[in-house]
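Asks: Attaching a single structure in structure tokens format; questions to follow.
The values are calculated or read from the model by the stated rules, or taken from the named source; none is laboratory data. Quantities reported herein were computed from a predicted structural model and do not represent experimental measurements. As a convention, Cβ positions derive from the backbone with ideal geometry for all residues, glycine included, and neighbour counts pool all protein chains shown. For accessibility, only protein heavy atoms count, side chains too; no ligands or nucleic acids. Shrake-Rupley method; radii C 1.70, N 1.55, O 1.52, S 1.80 Å.
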Amino acid sequence: MKTGLILEGGAMRGMFTAGVMDVMMENGVEFDGAIGVSAGAAFGCNYKTRQIGRVIRYNTRFSRDKRYCGVRCLLRTGDMYSADFAYGEVPLIHDPFDFDTYMNNPMEFYVVCTDIEKGEAVYHRYEGWDDHGFDWIRASASMPLVSRAVEIDGMKLLDGGISDSVPLRYFESIGYDRNIVVLTRPSDYVKKKNGILPLIKAKYRKYPKMVELMADRHNAYNKDIAYITEKEKRGEVLVIRPEAALPIGRVDKDPEKLRAVYEIGRQTAEKLLPEIKRFLGSDGA
């Protein structure tokens, strides 16, 4: 049996995921591997370093810092979240990411990106600093329209959620057969057609295969959730999700809202902790 943790994206809805992760780490819940998409990658990599509290700490500290993110940063650099500051200074200087623990921890960590030229998902096992620095993490979390494509090994990459928002099927295909899925939407959520598709078509007209993915993203997402829900009913996966829509915007910069959503994640995980341990076979039974 290989245990896996699948982390959906959702930008600042990922504070919910951060709360869930911290409770699991505090209680010694371990996985053979994890895979993160977008914010799920940017925040989920901290599970492999075992840095409890790091995600909520640096986000509340820098969320209103103009060097970190915002319209000014977008206009100046082409990225809403600064490549140099958010993915450079913060993890290397201000709130260091523990690369030594990351590389020594046998847990596998994968990120999902989207190759915008081929219009397909790229699944990459991220090996740490020597593996293109933080570029794989940044690529996975680079949202369309507000981010530049990240170039790695000849590929032009953007947000993994464009091509595979909840990569349970992929993890199953590489041998992970006991999986916990963390979603950032409640069970009654149904994704609708993208309202900004005309802007997507205009900006990415050179990448028609990516535009096709964006046009069908709502259908692909809803099919993935239906697949996950059916497996959940059969007890084959354990899903952790908020009970109601989270009170936060995708790029919300209010530290109080970030903290509130983080606490919702903590409360949800604390409530489910006995079930989590039973599901993974780590309850001592």
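Asks: From the protein chains alone at 1.4 Å, what is the descending order of accessible area for 257, 201, largest first? Show your work: numbers first, answer last.
Replies: Working: 257 85, 201 110 Å².
Descending accessible area places them as 201, 257.
Asks: Further, regarding this structure: Would you please classify the overall shape of the range 67-163 from the alpha carbon gyration tensor, given that a ≥ b ≥ c denote the square roots of the eigenvalues, rounded means a/c under 1.5, and beyond that prolate means a/b larger than b/c while oblate covers the rest?
Replies: In terms of gyration-tensor shape, oblate.
Asks: To continue, here is another question. Less than 14 Å apart at the alpha-carbon level, and either on another chain or at least 8 residues along: which aspartates and glutamates does that give for residue 66?
Replies: 79, 84, 89, 252, 254
Asks: Decide, for the chain, between rounded, prolate and oblate: order the square roots of the alpha carbon gyration tensor eigenvalues as a ≥ b ≥ c, take rounded if a/c falls under 1.5, and otherwise choose prolate if a/b is larger than b/c, else oblate.
Replies: rounded
Asks: So, taking all protein chains as they sit and a 1.4 Å probe, how much accessible area belongs to residue 282, in Å² rounded to tens?
Replies: Accessible surface of residue 282 is approximately 70 Å².
Asks: Which cross-chain or sequence-distant (5 or more) residues have an amide H under 5 Å from the amide H of residue 2, H modelled 1.01 Å from N in plane?
Replies: Long-range HN contacts for residue 2: 177, 178.
Asks: Sticking with this one: Rounded if a/c is under 1.5, else prolate if a/b is larger than b/c, else oblate: which is the range 1-129, with a ≥ b ≥ c the root eigenvalues of its Cα gyration tensor?
Replies: oblate
Asks: Sketch the reach of a paramagnetic label on residue 145 as a point 7 Å from Cα along Cα-to-Cβ, and name the residues of the range 53-71 whose backbone nitrogen lies under 19 Å away.
Replies: Once the point is set 7 Å along Cα→Cβ of residue 145, 69-71 turn out to lie under 19 Å by backbone N, inside the range 53-71.
Asks: Would you tally the net charge around residue 248, using a Cβ to Cβ cut-off of less than 11 Å, leaving residue 248 out, and scoring K and R as +1, D and E as -1?
Replies: Spelling it out: positives minus negatives among the neighbours equals +2.
Asks: Starting from the range 1-77, pick out the GluC sites (Glu not before Pro) whose DSSP state is loop and whose Cβ has at most 16 other Cβ atoms within 10 Å.
Replies: 30
Asks: Determine which lysines satisfy two conditions relative to residue 191: a Cα distance under 29 Å, and not lying fewer than 8 residues away in the same chain.
Replies: 118, 156, 201, 203, 206, 209, 223, 231, 233, 253, 257, 271
Asks: In whole angstrom, note down how far apart the Cα centers of the range 45-121 and the range 123-140 are.
Replies: Answer, in whole Å: 10.
Asks: Now a separate question. Mind checking which of 244, 197, 227 is farthest towards the positive end of the range 187-251's charge dipole, using Cβ charges of +1 (Lys, Arg) and -1 (Asp, Glu) about the Cα centre?
Replies: Positive-end residue among those listed: 197.
Asks: Divide by every residue of the chain the summed helix terms, -39500 (n - 2.57) for each DSSP H run of at least 4, and state the resulting mean residue ellipticity at 222 nm, rounded to the nearest 500 deg cm²/dmol. Mind dumping the intermediate values first?
Replies: Details: 10 runs with 117 residues, N = 285.
Calculated at 222 nm, the ellipticity per residue is -12500 deg cm²/dmol.
Asks: To the nearest 10 Å², what's residue 218's accessible area with a 1.4 Å probe?
Replies: Here the residue's solvent-accessible area equals roughly 30 Å².
Asks: Return the long-range amide H neighbours of residue 181 (sequence gap of 5 or more, or a different chain), with a cut-off of under 5 Å between placed amide H atoms.
Replies: 6, 238, 239, 240
Asks: Quick one: which residues, 5+ away or cross-chain, put their amide H under 5 Å from the amide H of residue 152? H built at 1.01 Å from N.
Replies: 157
Asks: Can you give me the relative contact order of the range 99-155 as a percent, contacts being Cα pairs under 8 Å and 6 or more apart? Display every interim value, and only then the final one.
Replies: Numbers: 51 pairs, mean separation 16.5, N = 57.
Relative contact order here is 29 percent.
Asks: When the label point is put 7 Å from the Cα of residue 77 along its Cα-to-beta-carbon vector, which residues of the range 104-140 have a backbone N closer than 14 Å?
Replies: Answer for this model: 134-135, 138-139.
Asks: For the range 216-273, run through the GluC sites (Glu not before Pro) and keep only the ones in DSSP coil with at most 12 other Cβ atoms within 10 Å of their Cβ.
Replies: Details: sites: 230, 232, 236, 243, 256, 263, 270; in loops: 236, 243.
Taking the range 216-273 and a limit of 12 other Cβ atoms within 10 Å, the loop GluC sites (Glu not before Pro) found are 243.
Asks: Here's a follow-up. Using only the heavy atoms of the protein chains and a 1.4 Å probe, how would 129, 136 rank by accessible area, largest first? Display every interim value, and only then the final one.
Replies: Details: 129 105, 136 5 Å².
Listed by decreasing accessible area, they come as 129, 136.
Asks: With a 1.4 Å probe and every protein chain left in place, tell me how much accessible area residue 69 has, in Å² to the nearest 10.
Replies: It works out to around 10 Å².
Asks: Report the chymotrypsin sites (Phe, Trp or Tyr not before Pro) located in the range 168-259 that are in a DSSP loop and have at most 16 other Cβ atoms inside 10 Å of their Cβ, or state none. Kindly include the intermediate steps, with their values, before the conclusion.
Replies: Working: sites: 170, 171, 176, 189, 204, 221, 227; in loops: 176, 189, 204.
Taking the range 168-259 and a limit of 16 other Cβ atoms within 10 Å, the loop chymotrypsin sites (Phe, Trp or Tyr not before Pro) found are 189.
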